[in-house]
Amino acid sequence: MTEPNPKSESRSTKSPLQAPKGTRDFYPKDCAWRQYIVDAWRRVSIRNGFEQVDGPIFELLDLYKVKSGEGIVSELFHFQDRGERDLAIRPEFTPTLARMVAAQANSLPKPIKWFCTPNLCRAEKPQRGRLREFWQWNADVLGSDLAIADAEVIFVAVDFLQEMGLSPQQVRVKISHRQTVRHILSKLGVIDEKMDDAFALLDRRDKVEPIEFTNGAAKLGLDPDRVARFDQICRMKYAAGNLQAMRETIGIGDELSDIEALDKELISFGISEWCEYDLGIVRGLAYYTGTVFELHERTGVERAMAGGGRYDKLIEMFGGPATPAVGFGMGDVVLSNVLMDKGLMPEDVTPRADAFIFGATDLGATKVAALTAQLRRAGLHARFSYKTTRNAGKLLKDAATAKARYAIILDDGVEGGIVQVKNMATGEQVEAQISDLASGLWSH
């Protein structure tokens, strides 16, 4: 599953109508790859105790303004309906999640553990790792303010990475804590009025030139020595499971209590080797209140594969009771790039047919539909040939193209309830009773 190639887009087909910029056409193989990822998201979520939810593909535009302000409007595909209501196609799922929880907060058992795999749309410039339409996995725990909830959502993300064959040598979970960073910035001399500017600068640290970063730090009111210290602290990485190096480098103690609580849980979950503390990770969204994290492919070629954190105030913003919450989102675009780059995306995940049925004689051809229907009613994936040819060699090639486990050849023996069954993997061919096909053949 690949992103649109600008060069290939310029070579127009016979039709003047093309898919909109920043979207993808999913032909059968591409759709099978996407479903392979979505199925894995769902499988991992369920085994970690999460329940699936979903919501409308469009919402009231005000829903997104509540969370992100008026500035979000330019990033959305929005429109007015016939009742002149302002609506928007969903660019993310978190506002819908918050609305749903706020509506039934008092009746939902806590903690709430929900996941979803929606398709989303954003009106932004397409580029590598970012398209206008994409699929995303969200997993959230609501109703617990304990560090174990933060560690669990990180564990779920790591569990998925392992499911897909990735290793800690290939992907790192970069973790920070907004309150810890606030303590450090305050100790460096950043005043409260400049704190949001400091967070915004940290969020851009890898997107700007060093001199621009230095100048931005100076505008926070820091002298040159503290600018250098600020730069050092936000660029260093500290291994999870051993916080002593962070204490010694930063020179703080009690201010690390939030990270210490999380660190213990990451060790308990057995995923500390995947994780490192990176105090330059703050996440750009203002609603994060505590732990924040991103998953990065270690070569740095791709954007973050996933990101999330704790957002303890959001449900209240939507009219619900105080509800601590933590979660993450993972899109399919960067993930697919990483899996393909690492050779971890199976070459072909289209469904295999259990049986491919064809008639090798005129009599056999009259029985194809009946046997196909019989096997399908038994729950088997059965395909048949539409061809009128009696060339068994060509029809067996069609069976191989369908990746059928067995070819069922109907010849004149079908009148006596007998068919020829060819194992497409071994080439072995045997006679079988039609009455035995549905019950016994597929276990071999």
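Output the Kirkwood hydrodynamic radius of the stretch 221-290, Cα pairs only, in Å rounded to one decimal.
On the way: mean 1/r = 0.0743 Å⁻¹.
By the Kirkwood definition, the hydrodynamic radius is 13.5 Å.
Only protein atoms count toward the accessible area here, which uses a 1.4 Å probe; on the stretch 255-408, the carbon and sulfur part of that area reaches 51 percent.
Report the extension gain between Asn106 and Lys237 in nm, rounded to one decimal, defined as 0.36 nm multiplied by the number of residues separating them, less their alpha carbon distance. Kindly include the intermediate steps, with their values, before the conclusion.
Working: separation 131, 0.36 × 131 = 47.16 nm, distance 4.12 nm.
The span from Asn106 to Lys237 would gain 43.0 nm if fully extended.
Dividing the convex hull volume of the alpha carbon atoms of the stretch 321-415 by its residue count gives 181 Å³ per residue.
Measuring gaps between exposed loop sites in the chain (GluC sites (Glu not before Pro); DSSP loop; at most 12 other Cβ atoms within 10 Å), the longest gap, sites not included, is 85-346. Solvent exposure of the chain, expressed per residue, is 49 Å² of accessible area, with all protein chains present and a 1.4 angstrom probe. Within a straight-line Cα-Cα reach of under 29 Å, Lys125 can be paired with the following lysines, leaving aside sequence neighbours fewer than 8 residues apart in one chain: Lys7, Lys14, Lys21, Lys29, Lys65, Lys67, Lys174, Lys207, Lys342. Panel values: the stretch 203-260, Kirkwood radius from alpha carbon pairs, Stokes-Einstein at 25 °C and 0.890 mPa s, translational diffusion coefficient 191 µm²/s.
When each pair of different Cα atoms in the chain is counted once in the 1/r mean, what is the Kirkwood radius in angstroms, to one decimal? For the chain, inverting the mean 1/r across all distinct Cα pairs yields 25.5 Å.
Average projection, convex hull of the Cα set of the stretch 160-248: 7.2 square nanometres. Angle of helix 368-377 to the longest C-alpha principal axis of the chain, folded into 0 to 90 degrees and rounded to 10: 40°. Length gained on full extension, Asp341 to Lys394, computed as 0.36 nm times the residue gap minus the Cα-Cα distance: 15.5 nm.
Counting every alpha-carbon pair across the stretch 1-156, the share separated by more than 22 Å comes to 54%.
Annotation note: chymotrypsin sites (Phe, Trp or Tyr not before Pro) in the stretch 363-412 located in DSSP loop regions with a Cβ neighbour count of at most 16 within 10 Å are Tyr386. Derived scalar couplings between HN and Hα for the stretch 69-77 equal x, 5, x, 5, 4, 5, 9, 10, 8 Hz in order, rounded to whole Hz, by the Karplus curve 6.51 cos²θ - 1.76 cosθ + 1.60 (θ = phi - 60°), x for Gly and Pro.
All C-alpha pair distances within the stretch 92-173, sorted into 5 Å bins from zero, spread as 3, 11, 17, 17, 20, 16, 10, 4, 1 percent across the bins.
Accessible area of the stretch 57-162 with a 1.4 Å probe: how many percent of it is carbon plus sulfur? Spell out each step's value before the answer.
Working: 2320 of 4750 Å².
That fraction is 49 percent.
Quick one: pull the percentage of alpha-carbon pairs in the stretch 295-350 with a separation above 16 Å. In whole percent, the share of Cα-Cα pairs in the stretch 295-350 beyond 16 Å is 58.
Across the stretch 344-444, the relative contact order, built from alpha-carbon pairs under 8 Å that are at least six residues apart, equals 29 percent. Across the stretch 263-296, the residues whose backbone nitrogen lies under 19 Å from the label position 7 Å along the beta-carbon direction of Gln170 are 271-276, 294-296. Computed from the alpha carbon atoms alone, the convex hull of the stretch 242-366 holds 232 Å³ per residue.
Against the chain, whose longest principal axis comes from its Cα atoms, helix 28-47 is set at around 60 degrees. Partners of Lys313 within straight-line reach, counting aspartates and glutamates whose Cα lies under 12 Å from its Cα and excluding those fewer than 8 residues away in the same chain: Asp145.
Over the chain, DSSP H runs of length four or greater, each weighted -39,500 (n - 2.57), average out per residue to a 222 nm ellipticity of -11000 deg cm²/dmol.
Sort the stretch 107-224 into rounded, prolate or oblate with this rule: let a ≥ b ≥ c be the square roots of the eigenvalues of the Cα gyration tensor; rounded if a/c is under 1.5, and if a/c is not under 1.5, prolate when a/b is larger than b/c, oblate otherwise. Each step should come with its number before you reach the end.
Values: a/c = 1.99, a/b = 1.47, b/c = 1.36.
Taking the square roots of the gyration eigenvalues as a ≥ b ≥ c, the stretch 107-224 is prolate.
Rg then Dmax, both in Å and based on the Cα atoms of the stretch 374-444: 11.8, 31.
What FRET efficiency do you get for Tyr27 and Lys207 if R0 is 51 Å and r is their Cβ-Cβ distance, rounded to the nearest 0.05? Provide the component values of the computation, followed by the final result.
Values: r = 35 Å, r/R0 = 0.68.
E between Tyr27 and Lys207, to the nearest 0.05, is 0.90.
For a straight C-alpha distance cut-off of 25 angstrom, the lysines reachable from Lys422 (same-chain residues fewer than eight places away being disregarded) are Lys367, Lys387, Lys394, Lys397, Lys403.
The values are calculated or read from the model by the stated rules, or taken from the named source; none is laboratory data. The structure displayed is predicted, hence computed values, not measured ones. Cβ atoms come from the backbone with ideal geometry, glycine included; neighbour counts cover every protein chain shown. Just so you know, the surface numbers come from the protein's heavy atoms only, side chains and all, with ligands and any DNA or RNA stripped out. Shrake-Rupley method; radii C 1.70, N 1.55, O 1.52, S 1.80 Å.
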